[in-house]
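Comments concern the structure below.
The values are calculated or read from the model by the stated rules, or taken from the named source; none is laboratory data. Quantities reported herein were computed from a predicted structural model and do not represent experimental measurements. All Cβ positions, even for glycine, are placed from backbone atoms using ideal geometry, and neighbour counts span all protein chains on display. Ligands, DNA and RNA are stripped out before the accessible areas are found, and what is left, the full protein with its side chains, is counted by its heavy atoms. Shrake-Rupley method; radii C 1.70, N 1.55, O 1.52, S 1.80 Å.
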Amino acid sequence: QVQLVESGGGLVQAGGSLRLSCAASGRTFGTYAMGWFRQAPGKEREFVARISRGGSTDYADSVKGRVTISRDNAKNTVYLQMNNLKPEDTAVYYCAADFVGGSYYSARSYYSWGQGTQVTVSS
């Protein structure tokens, strides 16, 4: 199992930017894909972005063009750069690893999770 620790959340005004980080440990970082999900109060955890071992990326339609996922294998860290933030981006953001099969877009397909970091966007 991979251990994950997120950081970088906070309060930002609409239109602002944040960069989230997720530090991983426990297995060789470059050997597995990573994902970011988010969960707003009263809603299910939803897919935001993922990056493969080779660096291929995929994004939810709701964030495409505003969000960039990247990884630094030397630092065992995956990043989520979020620009032009909107109030509807307010949620707890989680990173995920250890894909166990099924859809890459489903939270049920990942075994390892961080504790989450709160992102709040004010209007």
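Multiplying the residue separation of residue 56 and residue 122 by 0.36 nm and subtracting their alpha-carbon distance yields 20.6 nm.
Within the shell of other residues whose beta carbon sits under 13 angstrom from the beta carbon of residue 63, the net charge comes to 0, with Lys and Arg scored +1 and Asp and Glu -1. Peptides 100-106, 57-63 ranked from most to least packed give 57-63, 100-106, packing being the mean of other C-beta atoms within 10 angstrom over each peptide's residues. Excluding same-chain neighbours fewer than eight residues apart, the lysines reachable from residue 75 by a Cα-Cα span under 30 Å are 64, 86. Under the classification rounded if a/c is under 1.5, otherwise prolate if a/b is larger than b/c and oblate if not, where does the stretch 30-101 fall, given a ≥ b ≥ c as square roots of the Cα gyration tensor eigenvalues? Prolate, since a/c reaches 1.5 and a/b exceeds b/c. Within the accessible area of the chain, the carbon and sulfur atoms contribute 46%, probe 1.4 Å, all protein chains present. A 1.4 Å probe run over the protein chains yields, for the stretch 1-91, 50 Å² of accessible area per residue, whole-number rounding. Net length available on complete extension from residue 7 to residue 64 is 18.4 nm, with 0.36 nm assigned per residue and the Cα-Cα distance removed. Centre-to-centre separation between the Cα atoms of the stretch 86-101 and those of the stretch 22-69: 6 Å.
If you average the sequence gap of Cα pairs under 8 Å that are 6 or more apart and divide by the length of the chain, what percent do you get for the contact order?
Value for the chain: 36 percent.
Applied to the stretch 107-122, the Karplus parametrisation 6.51 cos²θ - 1.76 cosθ + 1.60 on θ = phi - 60° returns per-residue 3J(HN,Hα) values of 5, 5, 8, 10, 9, 10, 9, x, 7, x, 9, 7, 10, 10, 10, 8 Hz, with x for Gly and Pro. Mean-square fluctuations from a GNM of the chain, with a 10 angstrom spring cutoff on Cα atoms, peak among 70, 56, 17 at 56.
Summed over all non-identical Cα pairs, the Kirkwood treatment of the chain gives a radius of 14.2 Å. Our summary gives the stretch 63-122 a relative contact order of 31 percent, counting only alpha carbon pairs under 8 angstrom and 6 or more residues apart.
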